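Take a look at the structure below.
The values are calculated or read from the model by the stated rules, or taken from the named source; none is laboratory data. On a predicted model such as this, the values are computed, not experimentally measured, just so you know. So basically every Cβ, Gly included, is an ideal-geometry build from the backbone, and we count neighbours across all protein chains shown. Protein only, heavy atoms only, side chains kept; ligands, DNA and RNA dropped before computing areas. Shrake-Rupley method; radii C 1.70, N 1.55, O 1.52, S 1.80 Å.
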Amino acid sequence: MKEISIGEFARRSRLSLKALRLYDERGVLVPSRVDQASGYRYYGTAQLEEARLVVMLRQLQLPLAAIKELLACDPADAAARIAEHWRGAEAAHDARRDLADYLVNWLSGKRSVMYEVATRAMPERSLLCLKRNVDEQGMWAFGKEFIAILRERPLPKIEGREGAFFCIYWGWASADSDGPVEWCRPVPEAEAHALVEHYPELTLRTEPAHREAFVALPGPLVSGVQIQLAAESLQAWAQEQEQEHEGERLTLRPEDLGERITYLATGPTSVDCDFAVPFA
């Protein structure tokens, strides 16, 4: 493999020397050789194709850690991951556009309803839970960690939405705030204390029976913007209910039971998501 200097590689790859040094430090694009005496970096000409791929992936706003993983994949797997990333990026863009429309209407004095609200009754449930402070970027990894625990040691299944796993937002998880967030899986009450012994990393607790107001979400890739719009829709719904039933105050209770997203598997690869707020 023919070697060229870092300066020539930078010119031909359209990457700066600063970027190349950063990619070397992060293990994304490592030189083929480093001169021990001078510390000067040399690259193989075959690495130019990889460098061009890095440039294009950065244009898609992929983080360096994700690019490093992609470069280690076979082409078919890498293509599938890029397609998944772009689907998520498009969904996030659509959600931000909806939020902008909502804000324009709100500030213009117009009423705007983003999601249709429904209600349901939830029974008392025994829950196995994992709680942690994470920001929006860490949410996905935290959810994968929780699901991996359940796949490794499967729990008895409770049918329907009452048995679906869900995520409670005790605090807002965003780029500026880190929760806390709690993942929960309902388990049969009669088996709960026996099951918890096999899950030392999880906490067993009981959630009381309650009613929930909820909106359906386009899952499973749910963004913070969608959650915000869902919360606004639920708050507007609560105000309407109070106006229609004068003297009966409807209180949403995220401080007691927590706002939550429920994930119900409806097929081998499909998930039905909703955002709910308990009320009294």
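Tabulated results
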| item | result |
| --- | --- |
| Matching residues in segment 124-143 - criterion: being among the acidic types (Asp, Glu) and modelled with pLDDT under 90 | Asp135, Glu136 |
| Complete set of residues in segment 132-168 that are under 17 Å from Thr203 (Cβ atoms) and either aromatic (Phe, Trp, Tyr) or touching a Pro at 6+ places or on another chain (Cβ under 6 Å) (or both) | Asn133, Phe142, Phe146, Phe165, Phe166 |
| Near pairs, Cβ below 7 angstrom, 6+ apart or cross-chain, from segment 161-174 (among the β-branched types (Val, Ile, Thr)) to any residue that is not in a strand (DSSP E or B) | Ile168/Gly258 |
| Any hit, segment 177-197, residues being surrounded by fewer than 19 Cβ atoms within 10 Å (Cβ to Cβ), closer than 25 Å to Leu107 by Cα and not β-branched (Val, Ile, Thr) | no |
| Breaking point among (1) touching a residue at least 60 places away in the same chain (Cβ under 8 Å); (2) of a type outside the set (Gly, Ala, Ser); (3) open to solvent by 80 Å² or more (accessible area, probe 1.4 Å); (4) outside any helix (DSSP H, G or I), for Lys110 | (1) |
| Residue list for segment 49-63, filter: surrounded by 15 or more Cβ atoms within 10 Å (Cβ to Cβ) and without any contact (Cβ under 8 Å) to a residue 12 or more places away in the chain | Arg58 |
| Top-ranked residue in segment 157-178 [being of a type in the set (A, V, I, L, M) and at pLDDT 80 or above; ranked as farthest from Cys273 (Cα to Cα)] | Ile158 |
| Subset tally (residues that are under 19 Å from Leu64 (Cα atoms), open to solvent by 50 Å² or more (accessible area, probe 1.4 Å) and assigned to a loop (DSSP other than H, G, I, E, B)) for segment 9-48 | 4 |
| Extreme residue, modelled with the lowest pLDDT, among residues of segment 212-248 that are surrounded by fewer than 15 Cβ atoms within 10 Å (Cβ to Cβ) and of a type in the set (D, E, K, R) | Glu248 |
| Residue within segment 57-76 that is in contact with a Ser or Thr (Cβ under 6 Å, 6 or more places away or on another chain) and of a type in the set (A, V, I, L, M) present | no |
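Rundown of residues vs (1) free of Cβ contacts under 8 Å to residues at least 12 places away in the same chain; (2) closer than 24 Å to Trp183 by Cα; (3) in a helix (DSSP H, G or I), yes/no style:
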residue: Lys68; (1), (2), (3): no, no, yes
residue: Ala78; (1), (2), (3): yes, no, yes
residue: Arg87; (1), (2), (3): no, no, yes
residue: Trp106; (1), (2), (3): yes, no, yes
residue: Leu130; (1), (2), (3): no, yes, no
residue: Gly138; (1), (2), (3): no, yes, yes
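The rows are residues; the columns are (1) acidic (Asp, Glu); (2) surrounded by 14 or more Cβ atoms within 10 Å (Cβ to Cβ).
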position: Ala72; (1), (2): no, no
position: Asp77; (1), (2): yes, no
position: Trp86; (1), (2): no, no
position: Trp106; (1), (2): no, no
position: Leu127; (1), (2): no, yes
position: Gln137; (1), (2): no, no
position: Leu150; (1), (2): no, yes
position: Arg153; (1), (2): no, no
position: Pro156; (1), (2): no, no
